[in-house]
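Readers should treat all values here as calculations from the given coordinates under stated rules, not as data from a laboratory. The model shown is predicted, which means the values in this text are computed figures rather than measured ones. When we count neighbours, we look across all protein chains shown, and the Cβ atoms used for this are built from the backbone with ideal geometry, even at glycine.
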Amino acid sequence: MVVKTIEVSVEANGVLKLPAGVSLPARTRLAVLALEPDDPSGVQIASLAEASGAFDFLQEEPELYSDRDILPGRMNPRFRK
């Protein structure tokens, strides 16, 4: 399966319009993710990923690193407590 991101527009009659120069082979299956135009932060995408259960497996993963694993002088100053 090949996954591509193609930004489409919606015409006044509700029909999806592909950008000029984009054509799809016959019998192509599409999955459409509709985002509200007023969410530039990506909160909707993060919420969708969380609600989908795609990352549920991480709940069972052990914590691999702790603060004790940080080498002296190697901590990113933006992440100081």
Query - Sites Leu16 and Phe55 - FRET efficiency at Förster radius 35 Å, r taken between beta-carbons, to 0.05 - result: 0.75
**Report entry** Degrees between helix 43-52 axis and first principal axis of the chain (Cα, 0 to 90, nearest 10)
**Finding:** 80 degrees
Query - Label zone at Phe79, where the point sits 7 Å out along the Cα-to-Cβ direction: the stretch 47-66 residues whose backbone N lies under 18 Å - result: 62-66
Query raised in the report: Only one of the listed values, [x] 32, 16, 12; [y] 40, 17, 14; [z] 17, 15, 12, was derived from the coordinates as semi-axes √(5λ) of the Cα gyration tensor in Å; which label is it?
Result: [y]
